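The values are calculated or read from the model by the stated rules, or taken from the named source; none is laboratory data. Quantities reported herein were computed from a predicted structural model and do not represent experimental measurements. Cβ: placed from backbone, ideal geometry, glycine included. Neighbour counts: every protein chain shown.
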Amino acid sequence: MILNIPDGLRSVTILGGTDKFGAPEPVPSVELRPGDALALVGPTGSGKSELLSDIEQLALGDTVSGRHVLVNGDAAPPTATGLVATLSQRTNFVMDATVARFVTLHAESRGKDARALLPRVLETANTLCGEAVRASDPLQMLSGGQARALMIADIALISAAPVVLIDEVENAGIHKFRALEVLTDSHKIVVTATHDPVLMLMNAKRLVMRSGGMNRLVEVSGQEAECAESLRRIDEVMLHARERLRMGETLTPEDISL
Amino acid sequence: MKLVTVAGAPSVGKTSVILHLAALLAKEGVRPAVVKFDALSSADDVIFREKLGIPALVGLSDYVCPDHYYVSNIEEACVWGREAGADLLVLETAGLCHRCAPHIKGVPALTVLDSLGGVDAPRKMGPAASLADIIVVTKCDLVSQAEREVFDFAVASVNPTAAIVHVNGLTGTGALHLQRMARTWPRVDGVEDAVLRYSMPASICSYCTGERRIGRRYQSGNVEKLVVAKEAA
């Protein structure tokens, strides 16, 4: 059944279970509210994807971790679905359609006004990547960055799911800060598993995973916020250089000065 | 013993979905068993036995319509399942022509669809999709969120009451929802006198009995001819 929350999603709470070795997770609970952004960090195999899977399946103490995921403070019905939108490195467009047709189909399937939404989705997508996405572009001709930008704008503006899980979407040639802003501005809860330092610090909080357990919840400090600002500039420079070179232009040291 | 029928086109991930569900059930002490109905060959019984150590049987229809063969052998499959000590017997069908559905009234019915199949896939699956209780959508991790939602909408438009469950056949994410549903499935004591949800196709022409030559003079029995519409040209 599609999860129906009459008065809207107010919170998602992850109650800790046990790590790989059966020890209780050091972080006993994490509460997320609409507009919150959480990064999951840790080496491969530390349990990031498993935590995303627990959220997606609304764990009721019945997964390997023994975690519980509560919706508005209560256990969701055992077969509830539709809470979560996902975006990963493997996600592609498989539809043979133009951008306009695609947005229209999605909007109509959600009972929304496609004609009003199309320009908004395009406008938002085009704040996320260097090359403009046009309504008449075939989906299959979009670059990796354009496709990610369109997916994010579409999730923010059309998808019903109040929670967005992002698994390892890195270096796709999009403005990462802006992408996260677009999602949190539309009152989504955004959880991102990542190895990218810029993405990690963009989230006000990050959950450190270790041995399958939630090990530490870290809030970005004042110093880290400064670091984030510097890293963001480096990232923008990389993106700028990338776009210039792709367009056949040349680079000077001034173009990439921080 | 509980019973569930599983339908779906070839290669959509029926066996993977059953493997993940069976593994979860086995962990909570339920003993699953699988009967796979297929046409010419299947190694799925070996997969079930080797990967999960659960009883598994293959039934090959050979020259008979695989769906007719399936209906004719449901009782025998149930007898085997009971003797194998199964708590839940999964009847996995070949899923070839989509003219009919293997689903039975009063028995939980699951149809697997592949999200890469396009938005017309639910409609093309006919009664197997429209008469199922649960539609499992696979390979969702490969398509955009929007396409997932459009696909679910297409499923709901051919079957508004079915529960839609997304299962990743590689990682098993989503199978947990099926496990939770399986706990509520009823026990079925026997299938004698049970009724199929949809009729099977008529198949009594010369080709049903092994004819291979093409031409009107070799055709006898139940032969239907293509009606050419005016707008076809």
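How about segment A:134-157: which of its residues are facing chain B (nearest Cβ under 9 Å) and under 17 Å from A:Ile189 (Cβ atoms)?
A:Ile155
Give all pairs with beta carbons closer than 7 Å in which a residue from segment A:114-127 that is without any contact (Cβ under 8 Å) to a residue 12 or more places away in the chain meets a residue that is among the hydrophobic types (A, V, I, L, M, F, W, C) and assigned to a helix (DSSP H, G or I); count only pairs at least 6 apart in sequence or on separate chains.
From residues that are without any contact (Cβ under 8 Å) to a residue 12 or more places away in the chain, the pairs are A:Ala114/A:Val103; A:Ala114/A:Ala107.
Taking A:Val30 as meeting all but one of (1) within 13 Å of another protein chain (Cβ to nearest Cβ); (2) touching a strand residue (DSSP E or B) at 6+ places or on another chain (Cβ under 6 Å); (3) on the phi < 0 side of the Ramachandran plot, write down the number of the exception.
Failing condition for A:Val30: (1).
Of the residues that make up segment B:121-132, is at least one within 20 Å of A:Leu105 (Cα to Cα), surrounded by 19 or more Cβ atoms within 10 Å (Cβ to Cβ) and in contact with a helix residue (DSSP H, G or I) (Cβ under 7 Å, 6 or more places away or on another chain)? Quick ask: steps written out before the conclusion?
Just the residues of segment B:121-132 that are within 20 Å of A:Leu105 (Cα to Cα), to begin with: B:121-124.
Cutting the leftovers down to surrounded by 19 or more Cβ atoms within 10 Å (Cβ to Cβ) gives us B:121-122.
Filter once more, keeping what is in contact with a helix residue (DSSP H, G or I) (Cβ under 7 Å, 6 or more places away or on another chain): B:122.
Checked segment B:121-132: at least one residue is within 20 Å of A:Leu105 (Cα to Cα), surrounded by 19 or more Cβ atoms within 10 Å (Cβ to Cβ) and in contact with a helix residue (DSSP H, G or I) (Cβ under 7 Å, 6 or more places away or on another chain).
Picking from B:Thr111, B:Thr138, which residue would you name as being surrounded by 24 or more Cβ atoms within 10 Å (Cβ to Cβ), closer than 27 Å to A:Gly144 by Cβ and in contact (Cβ under 8 Å) with a residue 60 or more places away in the chain?
Details: B:Thr111 fails: closer than 27 Å to A:Gly144 by Cβ.
Exactly one of B:Thr111, B:Thr138 is surrounded by 24 or more Cβ atoms within 10 Å (Cβ to Cβ), closer than 27 Å to A:Gly144 by Cβ and in contact (Cβ under 8 Å) with a residue 60 or more places away in the chain, namely B:Thr138.
Please work out which residue is farthest from the other protein chains (Cβ to nearest Cβ), limiting yourself to segment B:154-172 and to residues that are of a type in the set (Ser, Thr, Tyr) and assigned to a loop (DSSP other than H, G, I, E, B).
The extreme case among them is B:Thr161.
Within segment B:83-100, identify whether any single residue is assigned to a helix (DSSP H, G or I), acidic (Asp, Glu) and out of contact with any strand residue (DSSP E or B) (no Cβ under 9 Å at 6 or more places or on another chain), and answer yes or no.
Of the residues in segment B:83-100, the ones assigned to a helix (DSSP H, G or I) are B:83.
Then keep just the ones that are acidic (Asp, Glu); that gives B:83.
Within this subset, residues satisfying the condition of being out of contact with any strand residue (DSSP E or B) (no Cβ under 9 Å at 6 or more places or on another chain) are B:83.
Within segment B:83-100 (the criterion being assigned to a helix (DSSP H, G or I), acidic (Asp, Glu) and out of contact with any strand residue (DSSP E or B) (no Cβ under 9 Å at 6 or more places or on another chain)), the answer is yes, since at least one residue qualifies.
Considering only segment B:173-220, how many residues are in a loop (DSSP other than H, G, I, E, B), in contact with a Leu (Cβ under 8 Å, 6 or more places away or on another chain) and within 14 Å of chain A (Cβ to nearest Cβ)? Steps first, answer last, please.
Pass one, segment B:173-220, residues in a loop (DSSP other than H, G, I, E, B): B:173-174, B:183-186, B:188-195, B:197-204, B:210-215, B:219-220.
Those still in the list that are in contact with a Leu (Cβ under 8 Å, 6 or more places away or on another chain) too: B:185, B:188, B:191, B:197-198.
Filter once more, keeping what is within 14 Å of chain A (Cβ to nearest Cβ): B:185.
Number of matching residues: 1.
Taking the conditions exactly as written (modelled with pLDDT under 95 and of a type in the set (D, E, K, R)), does B:Arg31 satisfy them or not?
No; evaluated as a whole, the condition is false for this residue.
State all residues of segment B:181-221 that are in contact with a Cys (Cβ under 8 Å, 6 or more places away or on another chain), modelled with pLDDT under 85 and over 14 Å from B:Leu3 (Cβ atoms); if no residue qualifies, say none.
B:Met200, B:Pro201, B:Ser203, B:Cys208, listed by residue number.
Could you please tell me which pairs satisfy a Cβ distance under 8 Å, a separation of 6+ or placement on different chains, a first residue in segment A:77-103 that is under 11 Å from A:Met151 (Cβ atoms) and surrounded by fewer than 17 Cβ atoms within 10 Å (Cβ to Cβ), and a second residue that is modelled with pLDDT under 85 and of a type in the set (Val, Ile, Thr)?
Taking only residues 6 or more apart or on different chains, the pairs are A:Ser88/A:Val169.
All but one of (1) within 11 Å of chain A (Cβ to nearest Cβ); (2) over 20 Å from B:Pro10 (Cα atoms); (3) modelled with pLDDT of 95 or more hold for B:Leu89; which doesn't?
(1)
Across segment A:63-75, which residue is surrounded by the fewest Cβ atoms within 10 Å (Cβ to Cβ) among those that are more than 7 Å from chain B (Cβ to nearest Cβ) and in a loop (DSSP other than H, G, I, E, B)?
Filtering first and then ranking leaves A:Gly73.
Within segment B:112-127, identify whether any single residue is in contact with a Lys or Arg (Cβ under 6 Å, 6 or more places away or on another chain), more than 12 Å from chain A (Cβ to nearest Cβ) and part of a strand (DSSP E or B), and answer yes or no.
yes
Checking B:Val12 against (1) closer than 16 Å to B:His166 by Cα; (2) outside any helix (DSSP H, G or I); (3) at pLDDT 95 or above, only one condition comes out false. Which one?
Checking B:Val12 against (1) closer than 16 Å to B:His166 by Cα; (2) outside any helix (DSSP H, G or I); (3) at pLDDT 95 or above, the one that fails is (3).
Examine segment A:104-113 for a residue that is buried (at least 18 other Cβ atoms within 10 Å of the Cβ), touching a residue at least 12 places away in the same chain (Cβ under 8 Å) and under 30 Å from A:Pro197 (Cα atoms), and state whether such a residue exists.
No, every residue in segment A:104-113 fails to be buried (at least 18 other Cβ atoms within 10 Å of the Cβ), touching a residue at least 12 places away in the same chain (Cβ under 8 Å) and under 30 Å from A:Pro197 (Cα atoms).
Among B:Asp141, B:Asp133, which is the only one that is within 11 Å of chain A (Cβ to nearest Cβ) and charged (D, E, K, R)?
Exactly one residue qualifies, and that residue is B:Asp141.
Being touching a His at 6+ places or on another chain (Cβ under 9 Å) and away from every other protein chain (no Cβ under 11 Å) is the filter here, so list the residues in segment A:158-180 that pass it.
Result: A:Pro162, A:Glu168, A:Glu170.
Examine segment A:1-17 for a residue that is among the charged types (D, E, K, R), closer than 24 Å to A:Val218 by Cβ and assigned to a loop (DSSP other than H, G, I, E, B), and state whether such a residue exists.
no
State which residue is farthest from the chain's Cα centre (by Cα) when the search covers only segment A:240-253 and only residues that are under 21 Å from A:Glu229 (Cβ atoms) and free of Cβ contacts under 8 Å to residues at least 24 places away in the same chain.
That would be A:Ala241.
With the checklist (1) touching a strand residue (DSSP E or B) at 6+ places or on another chain (Cβ under 7 Å); (2) assigned to a loop (DSSP other than H, G, I, E, B); (3) surrounded by fewer than 21 Cβ atoms within 10 Å (Cβ to Cβ) in hand, flag the one item A:Leu58 doesn't pass.
Tallying (1) touching a strand residue (DSSP E or B) at 6+ places or on another chain (Cβ under 7 Å); (2) assigned to a loop (DSSP other than H, G, I, E, B); (3) surrounded by fewer than 21 Cβ atoms within 10 Å (Cβ to Cβ), A:Leu58 fails exactly one: (3).
Please verify whether segment A:98-117 includes one or more residues that are touching a His at 6+ places or on another chain (Cβ under 8 Å) and over 23 Å from B:Asp120 (Cβ atoms).
No, segment A:98-117 contains no residue that is touching a His at 6+ places or on another chain (Cβ under 8 Å) and over 23 Å from B:Asp120 (Cβ atoms).
Does B:Ala33 satisfy being surrounded by 22 or more Cβ atoms within 10 Å (Cβ to Cβ) and either touching a helix residue (DSSP H, G or I) at 6+ places or on another chain (Cβ under 8 Å) or part of a loop (DSSP other than H, G, I, E, B) (or both)? Outline the logic, then answer.
On the way: surrounded by 22 or more Cβ atoms within 10 Å (Cβ to Cβ): yes; either touching a helix residue (DSSP H, G or I) at 6+ places or on another chain (Cβ under 8 Å) or part of a loop (DSSP other than H, G, I, E, B) (or both): yes.
The answer is yes for B:Ala33.
Under the condition of being of a type in the set (Gly, Ala, Ser) and more than 23 Å from A:His187 (Cβ to Cβ), which residue from segment A:76-102 is farthest from the other protein chains (Cβ to nearest Cβ)?
Filtering segment A:76-102 for residues of a type in the set (Gly, Ala, Ser) gives A:76, A:80, A:82, A:85, A:88, A:97, A:100.
Of the ones still in play, those that are also more than 23 Å from A:His187 (Cβ to Cβ) are A:97, A:100.
Working: A:Ala97: 10, A:Ala100: 13 Å.
Ranking the candidates gives A:Ala100 first.
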